[in-house]
Structure formats: C-alpha cells, structure tokens
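Following: one structure in structure tokens, then a few remarks.
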Amino acid sequence: MDFRKLAEKRLPAPMFHYIDGAAEDEWTYKQNTSAFENYELVPRFLVDVENIDTSTTVLGQKIDWPFICSPTGYNRLFHHDGEIGAARAADRTGTIFCLSTISTTTIEDVAGASDGPKVFQIYVLRDRGLSQEYIDRCKEADYSALCLTVDVPVNGRRERDLRTGMTVPPRLGIGEYLDIAMHMGWTYNYLTHPPTPSMVNIEHRVEGTSDISVMDFMNSQFDRTVTWKDAEWMIGQWDKPFAIKGILSVEDAKKAVDVGASAIMVSNHGGRQMDGCPAPIEVLGEIVEAVGDKIEVIMDGGVRRGTHILKALSMGAKACMGGRAYLYGLAAGGEEGAYRSLNLLKEEVRNNMILLGTNTIEDIASSELKKL
C-alpha cells in the first residue's frame with residue numbers, strides 16, 4: 001500500500017482516482033480483497049523447503065511465478081514510461097504482460113520493448129474489421145495469446161471519475177486543471193515527453209486528430225449484441241492460446257469450454273463494472289470444480305499479497321492476475337516502481353511457500369485451505 005500512497009502523492013487527482021476507483025459504492029472493489037480474509041492457509045512443518053520453485057506454465061508460457069499483469073488502459077497518463085515500462089517490469093520479474101486495447105503505446109512498440117511473453121486484450125467491436133486487424137497485428141508481432149474481455153457491454157458508473165471529469169471523453173473542470181498544475185513533477189513530465197498520450201491503436205480509424213474524437217469512437221465500438229458465437233468466431237481467427245476474461249459463473253465457464261477457449265479469467269474487472277457482484281475468489285472454487293480439468297482457470301482481482309495468490313492456487317487456479325498491483329508502482333516511479341512492486345509480490349509468494357511447507361506450485365494445489 002506504500003506504492004498506492006506514493007501514487008496518490010505524485011498524480012493529479014483525476015489520474016489517481018482513475019486507477020484507484022471503481023463502480024458506484026465500490027463495494028465489489030473492496031470485497032475483491034477483503035474476501036480473501038474468509039480463507040486460511042494451513043501450513044505443514046518439518047518439510048524440506050530448501051529448494052523452492054515458483055515457476056509455472058500458463059497460456060502456453062513458462063513463467064517464473066504465478067502472476068500475470070492485467071490489461072490496464074492509458075498507462076502513459078500515469079507515468080511517461082507507460083506500457084513499455086510496465087512490460088519491461090513484467091519481463092524483469094519473469095512474467096506475462098497483457099496489453100490493453102486502449103493502451104497509449106502501439107501493439108508493435110510494446111512487442112519490441114522486451115523479450116518477455118505478451119498477451120493482447122481485445123474486444124469484439126462493432127467494427128469487426130478493426131477486431132480482425134488487431135488479431136492480424138498480434139500475429140505479426142508474435143503475441144503469445146489473446147484475451148477477450150466480455151464484461152464491458154457498457155462502461156460501469158465509476159462515480160469518482162464522474163466527479164473528477166476523468167470520463168470518456170474527459171470533462172475536466174477548473175478545479176481539476178488547478179490540481180494538475182499543482183502537481184508540477186507530473187505536469188513537467190507530461191509536457192516534456194510528447195506525443196500526448198492517446199489510444200494509439202485506434203486513432204488511425206478516426207476522422208480528425210483530437211484525443212476526444214478517438215475516445216468517442218472507442219466508446220461507440222462497445223457492442224451490446226455480442227454473443228458466444230462472436231467469441232467462437234474470434235477464437236477461430238487465432239491459432240495460439242485464447243482466454244476469455246470476465247467469467248463469474250459456472251454456466252459461463254462451461255460455455256467458454258464449449259466455444260474452444262483455452263483459458264478463462266475469473267474476474268469482475270477490478271470492481272469497475274457491476275457493483276454488487278461476487279469477488280473472484282468467492283466463485284473460483286466452484287468454477288475450478290466444474291471445468292478445471294478442461295480449461296486453464298486464472299483468477300483476476302483483489303490480489304495485494306503473496307498469500308492471496310497462494311489461496312487462489314490452493315483452490316486450483318493456474319495463476320493470478322492484477323492491474324493495480326503494478327499500476328501504483330508505475331505511477332509512483334515508472335518502470336522501476338512497477339518492477340519494485342511486482343518483485344515485492346513475487347518475493348512474498350516465495351517466502352510464504354516456504355512457510356506453507358510447499359516446494360512447487362503443484363504442491364500448493366494440494367495444500368489445505370480452510371474457509372471461515
């Protein structure tokens with residue numbers, strides 16, 4: 001949480017609350033983390049834990065520890081290192097970076113920024129040709145997997161953003177501009193690291209050049225008519241691992257298996273979409289029990305500690321994901337901040353595996369977990 005405090009200090013209020021906030025009363029956002037407190041790991045002792053192996057294989061990639069960087073938009077608004085800094089930080093800790101459709105760095109530039117594995121987060125857009133373009137570009141840039149986000153038929157009501165004007169498009173008021181001016185370090189870096197951050201993977205499809213017109217276009221592309229047939233179509237266009245992100249029910253998990261997905265991400269979008277839905281850790285066990293032998297199950301949401309990751313793995317998750325876990329660090333100190341925050345989480349995983357009496361990730365799946 002120290003990185004969160006540093007991010008709050010460094011960032012103007014609209015940018016900080018965009019990272020930190022969630023939908024409506026933010027109950028789900030808080031529950032994502034607090035729900036981990038309903039479970040206890042039971043350690044075993046007098047076990048030889050001299051050699052600990054935190055590595056695992058997920059989405060076709062062997063990674064050094066069971067955590068993936070979730071897709072998050074507008075990274076260069078938080079620090080000029082942006083998605084490239086985050087991708088390099090992920091690579092330095094030996095894990096996967098997932099690039100958002102609404103990134104401020106191109107698919108190709110992120111691909112070339114580091115040698116680590118990368119996933120592209122995609123939507124089935126109204127303009128299916130644009131979705132196809134992204135697939136083709138990811139093939140050309142050698143992305144390891146695609147991740148289809150399905151829980152955004154419309155944006156959730158993020159009331160902090162409504163108050164600060166950090167909407168799509170932005171509607172900042174005089175108070176917000178004054179706050180930005182008072183954060184001189186952020187403002188200096190923003191002005192001295194052109195070009196202005198924008199949705200660079202989308203802007204070529206928009207008439208005109210303003211960021212606002214690009215944001216309006218992207219907003220218009222979310223398609224409420226998307227069905228499982230569209231997901232199946234997209235899977236057919238891709239020849240590598242394919243994940244569906246936003247699953248919270250056994251029924252949807254089974255449908256993901258039926259359409260040919262190779263992984264699902266149990267997620268509620270970090271509490272940023274529907275407030276009042278379950279925390280991923282609360283539904284993870286029943287989803288793993290239903291489909292875990294047919295598809296990789298990844299848990300996304302609320303992870304703040306290494307023990308959170310171990311609890312999810314003990315329920316049968318292949319790995320966990322998180323966005324704020326590295327975004328606070330990125331906002332606080334660019335690539336180095338993101339690396340430091342990820343590496344601390346990685347070290348917590350290793351340290352708690354020793355305390356739990358487990359040598360490998362596979363051992364964690366058979367460790368004892370108690371529900372309070």
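Structural remarks
- Any hit, the range 283-305, residues being buried (at least 24 other Cβ atoms within 10 Å of the Cβ), in contact (Cβ under 8 Å) with a residue 24 or more places away in the chain, of a type in the set (D, E, K, R) and outside any helix (DSSP H, G or I): yes
- Here is the figure for the range 218-232: residues that are free of Cβ contacts under 8 Å to residues at least 60 places away in the same chain and of a type in the set (Phe, Trp, Tyr) total 1.
- Cβ separations smaller than 8 Å between residues 6+ apart or across chains give the following pairs from the range 334-348 residues that are more than 14 Å from Asp2 (Cβ to Cβ) and touching a residue at least 24 places away in the same chain (Cβ under 8 Å) to residues that are surrounded by 20 or more Cβ atoms within 10 Å (Cβ to Cβ) and of a type in the set (Lys, Arg): Glu335/Arg88; Tyr339/Arg88.
- In the range 144-170, of all residues being in contact with a Leu (Cβ under 9 Å, 6 or more places away or on another chain) and not acidic (Asp, Glu), the one that is surrounded by the most Cβ atoms within 10 Å (Cβ to Cβ) corresponds to Cys147.
- Members of the range 167-197 found to be closer than 18 Å to Asn155 by Cβ and either in contact with a Lys or Arg (Cβ under 8 Å, 6 or more places away or on another chain) or of a type in the set (S, T, N, Q) (or both), listed by number: Thr167
- Qualifying residues in the range 211-241 (those that are outside any helix (DSSP H, G or I) and among the aromatic types (Phe, Trp, Tyr)) - the one farthest from Asn201 (Cα to Cα): Trp238
- Selection of the range 63-120 for residues being among the charged types (D, E, K, R), closer than 21 Å to Glu203 by Cα and touching a residue at least 40 places away in the same chain (Cβ under 8 Å) yields Arg76, Asp81.
- Checked against the criterion of being surrounded by fewer than 15 Cβ atoms within 10 Å (Cβ to Cβ), at pLDDT 95 or above and of a type in the set (Val, Ile, Thr), the candidates Thr209, Thr227, Thr196, Thr187 yield just one match: Thr227.
Condition check ((1) exposed (fewer than 15 other Cβ atoms within 10 Å of the Cβ); (2) within 17 Å of the chain's Cα centre (by Cα); (3) of a type outside the set (A, V, I, L, M, F, W, C)) across all residues:
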| position | (1), (2), (3) |
| --- | --- |
| Arg4 | no, yes, yes |
| Arg10 | no, no, yes |
| Gly21 | no, yes, yes |
| Phe45 | yes, no, no |
| Asp53 | no, no, yes |
| Lys62 | yes, no, yes |
| Phe78 | no, yes, no |
| Ala86 | no, yes, no |
| Cys98 | no, yes, no |
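- Residues of the range 334-358 classified as surrounded by fewer than 24 Cβ atoms within 10 Å (Cβ to Cβ) and not in a helix (DSSP H, G or I), total: 1
- Here Ile244 clears all of (1) part of a helix (DSSP H, G or I); (2) modelled with pLDDT of 85 or more; (3) surrounded by 19 or more Cβ atoms within 10 Å (Cβ to Cβ) except the condition numbered (1).
- Pairs meeting the criteria (first residue in the range 308-333 and crowded, with 24+ Cβ neighbours inside 10 Å and assigned to a strand (DSSP E or B), second residue at pLDDT 95 or above and polar (S, T, N, Q), beta carbons under 7 Å, at least 6 apart or on different chains) are Ala319/Thr56; Met321/Ser70; Gly322/Ser70.
The values are calculated or read from the model by the stated rules, or taken from the named source; none is laboratory data. Source: prediction; values computed, not measured. Neighbour counts run over all protein chains shown; Cβ positions are idealised from the backbone, glycine included.
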